[in-house]
Ligand SMILES: Cc1cc2nc3c(=O)[nH]c(=O)nc-3n(C[C@H](O)[C@H](O)[C@H](O)COP(=O)(O)OP(=O)(O)OC[C@H]3O[C@@H](n4cnc5c(N)ncnc54)[C@H](O)[C@@H]3O)c2cc1C
Ligand code: SF4
Ligand code: SF4
Ligand code: FES
């Protein structure tokens, strides 16, 4: 009988510093992955946590981890060559067919960029085509920016806006909350335009409302949720909202479904 | 088809059965009650019929026998992972019909929710045979009839306790033993309770709306419920757990990962790292549990989760009644849909 709770040790290939508290861990991994899925990663004796997969290829996957507590502190002490325990991938992820040949805006707040990074890259690198491709990302401050190289690279292929809540002396880019930039998206075909919104709960709430105010149709909005998770496989009950299990039925939801979920 | 046995012959049967099985039934546990020096009825291992508490409802459900309160998932030493060995004897558990129906709901979560089958649950569950105890009277807080769980038919054996004797129907041949003295073949079918003192009306799942979730009735429970979680732990159908890692050495090289029961009323159940939390108010948790038991589960699996055993009412230190809550909910849903 297969035991779904057993993690396996995977070798850390590379660790990249994104910000002072966000590092990207590249881990040797072979298996089928869909952008937007997550892994349960752990250090036995310390704990286990769900972490989004932000990038992958045939032999590796990457996860950007924010240092916030017991487990993530210990993970930050690991080095390339050490092993990380993982099981997964879990969750539904983003179906790229939804975005093919459409007018699409990917909108992320802070670490919310991690779960959609791979899907954005899929279209930016032309594996599949979209009609218009826009990326709008908000960070608290310039030093909180993640995936700076990717954002630079993408700006050659699509329309990329990076805004910070508060700039510093050297910041020349956009400022202001994400919601203040929604009106500046290409809204020429807003009734058909697709939006993906991922970020902290409060950012998702106000961003989706702003999109609808600007003419987006509810069924064209997609979100990804984060909830407390212990198992990732529909058993522990922590992630349940109404009859929906975020770990099984999500974390990616269409807004028509998402708006009915009451915690 | 059934057999009739004197109590003496039945004890003989239990003795033969215990060569192969460990046998569990509701028993009186002395000094374990709510108040000092009071007794509580819980599940324990038995050898004879006389130990079985027939006249009282068990305070705890039988789930802990095959879904332990705390279970080691694996040990590890220096990055080597080892699943605890499992060489347990098969189990026979005496249950009432409501609990037997409750087990099916646990099975639904652990074996059928999502693609993964819960390895630890299954390996114990596969060892269990259920002997259903006929239950025609019920107890003060039961509402199994309203929940449609007063009858159960997927038992391995059924038993009726009589004065000095028992009637037994054995469905699963694995529970047969050879050469019982004084065995008498009879027709025996267990009967079921037809009416409880407590009745509930469950709102139609199609009529439960966002307004129901936001209704004022939940607020009352915020001041009354103290989030002790007893309603969750005593419930035959509550299945939630949390992972816990334990390190036995300073460098985290030896330790174990285990899972422990938890519940939606307990503080921290849905708190996430970074300070995001949901359902901070106890009334919101009461709403969450209620909806799970009589609305959400149905939407997903076509039957209600709650079996109406009434244990949550029996154990609540704040005298919160779940059956009253269901009926109140039904009233507001009726009002809401009349106002539409
Ligand atoms: C689907 C999904 C995808 C995710 N993807 C990512 C990702 O890509 N990258 C990432 O970094 N994270 C991600 N997360 C979040 C990640 O799982 C958590 O950050 C992680 O569990 C933290 O574990 P920890 O042991 O380090 O923190 P813990 O020690 O558990 O807690 C860390 C912090 O939370 C606070 N905290 C803990 N308990 C409480 C409480 N009861 N009330 C208030 N605050 C509390 C602590 O004060 C502390 O600051 C994801 C989560 C989900 C569900
Ligand atoms: S919710 Fe209450 S009445 Fe229903 S099965 Fe659980 S303990 Fe029994
Ligand atoms: S038993 Fe009563 S007080 Fe305790 S958590 Fe349940 S409803 Fe709240
Ligand atoms: S994380 Fe355990 S049920 Fe979803």
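Answer with yes or no whether residue B:288 is within 23 Å of the chain's Cα centre (by Cα) and facing another protein chain (nearest Cβ under 10 Å).
Spelling it out, residue B:288 is indeed within 23 Å of the chain's Cα centre (by Cα) and facing another protein chain (nearest Cβ under 10 Å).
Just one of the numbered conditions (1) surrounded by 16 or more Cβ atoms within 10 Å (Cβ to Cβ); (2) closer than 30 Å to residue A:45 by Cα; (3) in contact with a strand residue (DSSP E or B) (Cβ under 6 Å, 6 or more places away or on another chain); (4) at pLDDT 95 or above is not true of residue B:70; which one?
(1)
When the residues of the range A:12-33 are filtered to those that are within 16 Å of the chain's Cα centre (by Cα) and part of a loop (DSSP other than H, G, I, E, B), which remaining residue is farthest from residue A:77 (Cα to Cα)?
So, considering only residues that are within 16 Å of the chain's Cα centre (by Cα) and part of a loop (DSSP other than H, G, I, E, B), the one farthest from residue A:77 (Cα to Cα) is A:33.
Could you figure out which of (1) surrounded by 13 or more Cβ atoms within 10 Å (Cβ to Cβ); (2) within 16 Å of ligand 3 (Cβ to nearest atom) isn't true of residue B:184?
Just one mismatch for residue B:184, condition (2).
Quick test for you: out of B:138, B:148, pick the one residue that is closer than 18 Å to residue B:102 by Cβ and surrounded by fewer than 21 Cβ atoms within 10 Å (Cβ to Cβ).
Checking each option against the conditions leaves just B:148.
Check off (1) within 14 Å of ligand 4 (Cβ to nearest atom); (2) closer than 30 Å to residue B:146 by Cβ for residue B:115 and give me the number that stays unchecked.
(2)
Please enumerate the residues belonging to the range B:223-247 that are away from ligand 3 (no atom under 16 Å from the Cβ) and more than 8 Å from chain A (Cβ to nearest Cβ).
Listed by number, the list holds a single entry, B:244.
Only residues in the range B:299-317 that are within 14 Å of chain A (Cβ to nearest Cβ) count as the first member; pair them with residues that are within 16 Å of ligand 4 (Cβ to nearest atom), Cβ under 7 angstrom, at least 6 apart or cross-chain, and list the lot.
B:299/A:243; B:300/A:243; B:301/B:108; B:304/B:297; B:305/B:105; B:305/B:237; B:305/B:292; B:305/B:297
Which condition number does residue A:218 fail, the rest of (1) touching a residue at least 24 places away in the same chain (Cβ under 8 Å); (2) surrounded by 20 or more Cβ atoms within 10 Å (Cβ to Cβ) being met?
If we test residue A:218 against (1) touching a residue at least 24 places away in the same chain (Cβ under 8 Å); (2) surrounded by 20 or more Cβ atoms within 10 Å (Cβ to Cβ), just (2) comes out false.
Of all the residues that make up the range B:83-115, how many are in contact (Cβ under 8 Å) with a residue 24 or more places away in the chain and more than 13 Å from chain A (Cβ to nearest Cβ)?
The number of residues fulfilling the criteria is 17.
I'd like the full set of residues that are in a loop (DSSP other than H, G, I, E, B), touching a helix residue (DSSP H, G or I) at 6+ places or on another chain (Cβ under 8 Å), away from chain B (no Cβ under 14 Å) and surrounded by fewer than 24 Cβ atoms within 10 Å (Cβ to Cβ), limited to the range A:34-60.
Within the range A:34-60, A:35 is the sole residue that qualifies.
Here's the yes/no breakdown for (1) over 18 Å from the mean Cα position of the chain (by Cα); (2) surrounded by fewer than 21 Cβ atoms within 10 Å (Cβ to Cβ); (3) at pLDDT below 95; (4) away from ligand 4 (no atom under 16 Å from the Cβ):
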position	(1), (2), (3), (4)
B:252	yes, yes, yes, yes
B:272	yes, yes, yes, no
B:275	yes, yes, yes, yes
B:305	no, no, no, no
B:314	no, yes, yes, yes
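Do we find that residue B:31 is free of Cβ contacts under 8 Å to residues at least 24 places away in the same chain, in a loop (DSSP other than H, G, I, E, B) and exposed (fewer than 15 other Cβ atoms within 10 Å of the Cβ) in this structure?
So residue B:31 fits the description; yes.
Those residues that are surrounded by 21 or more Cβ atoms within 10 Å (Cβ to Cβ) and not in a loop (DSSP other than H, G, I, E, B), I need them from the range A:87-104; list them, please.
Matches in the range A:87-104: A:88, A:89, A:90, A:103, A:104.
Filter the range A:105-133 for residues that are more than 14 Å from every other protein chain (Cβ to nearest Cβ) and in a strand (DSSP E or B); which is farthest from ligand 4 (Cβ to nearest atom)?
Looking at the filtered set, the residue picked out is A:132.
Out of B:264, B:240, B:231, which single residue is within 18 Å of the chain's Cα centre (by Cα) and within 30 Å of residue B:77 (Cα to Cα)?
Step by step, each of B:264, B:240, B:231 is checked, and only B:240 is within 18 Å of the chain's Cα centre (by Cα) and within 30 Å of residue B:77 (Cα to Cα).
Against the definition (part of a strand (DSSP E or B) and either away from chain A (no Cβ under 14 Å) or more than 24 Å from residue B:304 (Cα to Cα) (or both)), how does residue B:76 come out, yes or no?
When the stated conditions are applied, residue B:76 passes them.
From the residues in the range A:228-241 that are within 7 Å of chain B (Cβ to nearest Cβ) and more than 16 Å from ligand 2 (Cβ to nearest atom), which one is surrounded by the fewest Cβ atoms within 10 Å (Cβ to Cβ)?
Applying the first criterion (within 7 Å of chain B (Cβ to nearest Cβ)) to the range A:228-241 yields A:228, A:230, A:233-238.
Then keep just the ones that are more than 16 Å from ligand 2 (Cβ to nearest atom); that gives A:228, A:230, A:233-236, A:238.
Numbers: A:228: 20, A:230: 22, A:233: 22, A:234: 23, A:235: 27, A:236: 23, A:238: 24.
Restricting to residues being within 7 Å of chain B (Cβ to nearest Cβ) and more than 16 Å from ligand 2 (Cβ to nearest atom), the top hit is A:228.
The values are calculated or read from the model by the stated rules, or taken from the named source; none is laboratory data. Fair warning: this is a prediction, and the values are worked out from it, not measured in the lab. Heads up, the Cβs are rebuilt from the backbone with ideal geometry, glycines too, and the neighbour counts pull from every protein chain shown.
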